[in-house]
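Report on one structure; see the data block that follows.
The values are calculated or read from the model by the stated rules, or taken from the named source; none is laboratory data. Here the structure is a predicted model, which is why all the values come from computation and not from measurement. Cβ placement follows ideal geometry from the backbone for every residue including glycine, while neighbour counts extend to all protein chains displayed. Calculation scope for accessible area: heavy atoms of the full protein, side chains included, ligands and nucleic acids excluded. Shrake-Rupley method; radii C 1.70, N 1.55, O 1.52, S 1.80 Å.
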Amino acid sequence: MTDIGRRGFLVRTGLALSAAVLASASSRTLANQQPSPHRFTNWEDLRAKFPLSPQLIHLAAFFLASHPAPVRDAIERHRAGLDADPIGYWSEHEEKQEAKVLLAAAEYLGSNTADIALTDSTTMGLGLLYGGLKLGNEQEILTTTHDHYSTETALRLRAERTGAMVRQIHLYRSLKTVSRDEIVESLRKGITPMTRIVAVTWVHSSTGLKLPIHEMAQAIQTINRSRDEQNRVIFCVDGVHALGVEDFRVNELGCDFLIAGTHKWMFGPRGTGLVWGQPKAWPIARATIPTFSSQAYDLWMENKSSKGLPQSVHMTPGGFHSFEHRWALDEAFLFHQAIGKSKVTQRIYELNQQLKQGLAAMPHVTLHTPMSQDLSAGIVCLEVAGLAPRTVVEKLRQRNIVGSVTPYATKYVRLAPSLVNSSEEIEMTLREIKNLRTA
Ligand SMILES: Cc1ncc(COP(=O)(O)O)c(C=O)c1O
């Protein structure tokens, strides 16, 4: 193994980390040592770190991140370096930056760097994972009727290509009566001796419903007690609307794989994402796109097998990327760490509660997202009597309020209060929705 390759191997397997990288990244996560790009004193200050148009109330900010100042600065720095000397800058920074990104992601998630594959989006992670999971002839994939286009299509493509069996279940009867118990029970009943993979979405972008992932994982663990490793149910979660919202440590969540883009609630560079897998689960994943990790490439150049490398390495697809974006991702994790996970969650919940309480009191509005924060996160879905969702979103836009329509067969107005919003903005939004009755 070359010197560079060996360094990469140590970093990726989590056996060793460059002292400098470790020291700089971990010291920057300490709240009392925030470096200036991450420092903020109040929520207005935080909002000022985003180049978001100040004329607009951004209630669809989760859709695609606006880059906050530290992320933007890092992108510009890498872009300038790559533009000035592409191969020189790449050689100098590739391993170092990837190690930094993995370390920041691992610290944020509460996992090891070796458990994380880097992707370009949620969809890329879902496609690569579901496309390659090893399945026996008699084994099926169990999924739900509530998932996003990307999960559903990734599974359909897998079924068409390989003949894999995919079965969908409903997790609840009605949003009006849905409970955590009902969801867990529906899952438990849906799992058969043939079920090898369970594929769900943590927070539904169709309704705002949040699944009780930890309880679902516990139900699966109970089922798994009577199964051997080859038949164990593998629990896969699209977590894109939980990452950067919910306060969790991935090792304690209980799922096997968490797939997410980091360019939504995390405020990472557009075109970034990850797949986390627990060490016991990674061997079931098979890569599709050749990785460009230096350790795999180095071994190939020496005519040696790279089979011994962690599966997360193989599941990080090559070739070259928009490196200025990929290498700036650590800044997004540090940005969130500087605020603090629990503060992030609390703030998003507060704003969402304010919006939901206001909407629930309006006779012309049907609130579809459950009021309870046990069953919701940062997305609120609603309808206004007599107005198509598209019309409501257009009317709000005319009043400088940016929402979206759920991109599903059943369409709702979707508003997502986030860290870039204020309580005053939620009040203004409620006033405008109230006025829609008489408009
Ligand atoms: C639940 C869910 N999963 C996946 C995606 C796709 O995310 P990405 O753009 O990161 O592929 C979206 C929305 O875009 C979504 O709402």
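Listing for the model above:
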read-out: Cα-derived Rg over Rh, computed across the stretch 238-364 with Rh taken as Kirkwood radius; value: 1.10
read-out: Residue 291 long-range amide H proximity, modeled H, under 5 Å; value: 318
read-out: Residue among 55, 139, 295 with the largest mean-square fluctuation in a Gaussian network model of the chain, springs linking Cα atoms under 10 Å; value: 55
read-out: Two-decimal Rg to Rh for the stretch 155-253 - Kirkwood Rh, Cα set; value: 0.96
read-out: Share of Cα-Cα pairs in the stretch 341-435 lying beyond 20 Å, as whole percent; value: 30
read-out: Two-site FRET efficiency, residue 225 against residue 167, from Cβ-Cβ distance with R₀ of 22 Å, rounded to 0.05; value: 0.45
read-out: GluC sites (Glu not before Pro) restricted to DSSP loop in the stretch 257-345 with at most 13 other C-beta within 10 Å; value: 302
read-out: Cross-link pairs beyond the 31 Å C-alpha cut-off, checked among 96/210; 304/341; 49/210; 210/343; 189/434; 134/356; value: 96/210; 304/341; 189/434; 134/356
read-out: Where only C-alpha atoms are counted, convex hull volume of the chain per residue in Å³; value: 145
read-out: Along each principal axis, Cα extent of the stretch 61-114, largest first, Å; value: 35, 31, 16
read-out: Residue-normalised accessible area of the chain, expressed per residue, 1.4 Å probe, Å²; value: 42
read-out: Residue with peak Gaussian network fluctuation, the chain [Cα springs, cutoff 10 Å], from 83, 247, 45; value: 83
read-out: Two-site label geometry, residue 87 and residue 390: point separation in nm, points 7 Å out along Cα→Cβ; value: 5.2
read-out: Sites matching chymotrypsin sites (Phe, Trp or Tyr not before Pro) across the stretch 242-342 that sit in DSSP coil, with at most 12 neighbouring C-beta atoms within 10 Å; value: 320
read-out: Part-to-part distance (alpha-carbon centres) for the stretch 136-190 and the stretch 109-128, which is given in Å; value: 21
read-out: In sequence order, calculated HN-Hα J values of the stretch 255-269 (Karplus, 6.51, -1.76, 1.60; Hz; x Gly/Pro); value: 7, 8, 9, 10, 10, 7, x, 10, 10, 10, 5, 6, 6, x, x
read-out: The chain, helix-only ellipticity at 222 nm - DSSP H runs n ≥ 4, -39,500 (n - 2.57), divided by all residues, nearest 500; value: -13000 deg cm²/dmol
read-out: Over the stretch 113-337: Kirkwood hydrodynamic radius from C-alpha pairwise inverse distances, Å; value: 18.1
read-out: Contour minus Cα-Cα distance for residue 361 and residue 41 (0.36 nm per residue); value: 111.9 nm
read-out: Between the stretch 219-240 and the stretch 299-351, the alpha-carbon center distance in angstrom; value: 25
read-out: For residue 57, residues with placed amide H under 5 Å, excluding near neighbours; value: 401, 402
read-out: Distance-filtered residues of the stretch 133-150 - backbone nitrogen under 16 Å, label point 7 angstrom along residue 288 Cα→Cβ; value: 133-135, 149-150
